[in-house]
Amino acid sequence: MDMQSFRKTYFEECHERLQEIETLLLSLESGDYQDEHLHAIFRAVHSIKGGAGAFGCDHIVSFAHIFETVLDSVRDHRLALDPELMEVLVTSSDVLAAIVGAAEQDQILTETFDAKAKADLSQYMDGAEHAPLPAAQASSSDAKKGTSRTYTIVFKPHSRLYEKANEPLLLLRELGGLGEMILSVNVDALPDLSAMDAVGGYLSWTITLTTTHHKDAITEVFEFVLDDCDLTITETDRTVAGEMKPTPPLDASPAIETGEAKVSSIRVDLDKIDRLVNMVGELVITHAMLSQQAEKLARDGYPHLARGIEELSTHTRELQDHVMAIRAQPVRMAFARIPRLVRDVSKDVSKQIKLIMTGEETEVDKTVIENLADPLTHLIRNAIDHGIEDAETRKAAGKPAEGTISLSAGHRSGRILIEIRDDGAGLNTKKIAEKAKERGLIENPDLMSPDELHQLIFNPGFSTAEQISNISGRGVGMDVVKRNIQSIGGKVYVKSEAGVGARFVLSLPLTLAVMDGMIVRVGSQKLILPISNILESLRPRRQDISTITEGGEVLDLRDHYIPLLRLNRLFNIPARYDEPWQGLVLIVESEQTTFALFVDELVGKQQVVIKSLEENYDPVEGISSATILGDGSVALILDPASLYDLHTKQGDSLAFAA
Amino acid sequence: MNSLAKTLNENAVEEDQQFVTFYVDGKHYGLNIKDVREIKAWTHVTPLPNTPSSMRGVLNLRGAIVPIYDLRAVFGQGLTHPSTEHVNLIVCIQGRIVGFLVDAVSDILSFSQDQIQAPPRNRGKELERMNSVMGLGESNGMMTMLLDIQTLIGNQLPVNDDDFLAKPEKKN
């Protein structure tokens, strides 16, 4: 481990801590006041400061110090947490994040960058009479006041202190930085050289320190070694003696700290996990290859081989699940920023908004989470800016003045569904229809259902906002959301009811690496359909298939007519069978609809490793990705929803051609 | 082999550019050697549905899915009837790995700047389509058409979503 990697780890931790600070501040603001929250915020700021000192990030140290001082006053109830102070704290956490960000990038910020925030904070520091002013920091000069005091400090390190590789000299030097120091060492306890333990603690120091700083500043110097030494700090006029073992500033909550200690975890580079995922992927392919070969052998002749391959299959699958679990993270990671977003945006547009989040613990692959942040931000901004009406309009419509946005996540049939629902006005169907006609996207809006019209908002450059606000409405919006979601194999659709609200649903794959697939054959081609989309398979009777005039074919599925798609026609592949009653149809469920898909035959179920097609090529309609079969050839993975889109488009172009 | 050795010697001259040369439909073409990753005998590919005919399909190159373009079809000369004699040139362009199906690889040639002529301006219709030719190399009395790999692929971008959406409207 070199310094650089420590530094990297430090900044990674900083980002986590900053996130934590923000979350906690917001829960404080929302009225969930708990002392524990304040303690946790204080600890987080303190840790950021501590590490920054080690890496020479003075800017972080000086700002974090002031921030921490104010927080300290608040948690000791010396300062009341009013909305004004709350605002200062929230802003300060932003400033701190910016400073940390700059330090990470080695950017140099101007001295005045944090001046305003510092001034805001200092205001509270002055108000807090007993605000401790530990002064190992440059910034303390701003707040330095009071008379100088003289302390007598007796410092006797135990041998454990040395075992932990602490160096008293450094502590004494730091102490010297606080003021004028007279130092004497006591060697009485030193044994004969022959009896001496090289790492034993035999020395003690008596220090007379004249300083303007508070006693806490002195304690802070010894903060990390308190448990491993005897320390007595005596003020010359007023004697405050005694063991300082219980550290006053940091004993906030032993319960929490032990709780944290129990969760043993290590930090692993994402690259390493990715490599592991890839290797498991290759293993799955190799396994498929082996079992394919083994099937050709007489089972009786090689019973051990057959059993071995079966076991290999179980182990591979298990290994895969575990590896995937490493990458899985609660969707909370993506949701964490939303409360803050809602707070800021609703303030900007002066609307009152209540946010309800559910299902944050739903686990999904890290890559999915990473790609979720932007679309979510967009949808939430839109909901606040366009969805929720202003208070007067709401009251007039008989709704509560406060708008509600609910954000929920959950699993459904092997996918994760994320829903953003608002109780606003809903989409303006009429305006969408006008706009779509104006843009030439549609010919006759009257022929379309409101639902179909609503989906048009995902077209590029489609925005009905009449005024360009700085929140949303720049005409780039929903199409970007759609593209982002599609790029990770997801779907987005909208349901809206005028006056009641709009509901956006994102349907995403749980993992981007592996899935259970059904191999189907059309002609000489093998294609794969996600098992999670297949409801059943059957061979229809001739009379079950009918043609609707100018409307394609339908299959009579137990008295329900569902559209029939012929994969051979959609993809232009010469098939073995011409008619569904010779081959097979699969009943396929996609997000929007259920349809029947005609193929030649089913080949079998197989776990497939998803390989991106778009890495080297472009999206192909009807196809989500590709995989490699046991024989090394590539098979395409079908995407039911886009297959259905393709079907309707082909229907369109046939109709237009006719 | 002789010519290869010669090429290596010529490599000492820095300004020279090296090209992998190959035949498509009897014509001699070259691609900058820096872009070429490997040369692979033709193997079965998995066709991609509803793509231009020049897109032959995808193959598995050590775990990566690589699309293969039929260069003859790219040049509008119809489809190649590939056999094991045919060759895929695997190239890397802007981080993407793609393959070109060609008839045969011939050589590696070095051209100095003054051996490369700009292609003629007065193009006919057929040449217009071939604006991927960035220069004409001359070596031992034989002309090599040096291809610009960017344009080559750029011309072949498949119909994307938006175009697809626009199509029915245009017909109205």
Cα long-axis angle, helix A:640-657 against chain A (0 to 90 degrees, to the nearest 10)
40
Fewest-first ranking of A:Glu363, A:Glu318, A:Glu621, A:Glu87, using other Cβ atoms within 10 Å as the exposure measure
A:Glu318, A:Glu87, A:Glu363, A:Glu621
Across A:562-574, the residue-averaged tally of Cβ atoms belonging to other chains within 10 Å stands at 1
Where trypsin sites (Lys or Arg not before Pro) fall in DSSP loop in the stretch A:257-348, at most 12 other Cβ within 10 Å:
A:Arg267, A:Lys296, A:Arg299
What does the structure give for A:609-620 when I average, per residue, the other chain Cβ atoms found within 10 Å of the residue Cβ?
6
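Each reported figure results from applying straightforward, stated rules to the coordinates on display, with no laboratory input. The structure displayed is predicted, hence computed values, not measured ones. FYI the Cβ positions are ideal-geometry reconstructions off the backbone, even for glycines, and counts take in every protein chain you see.
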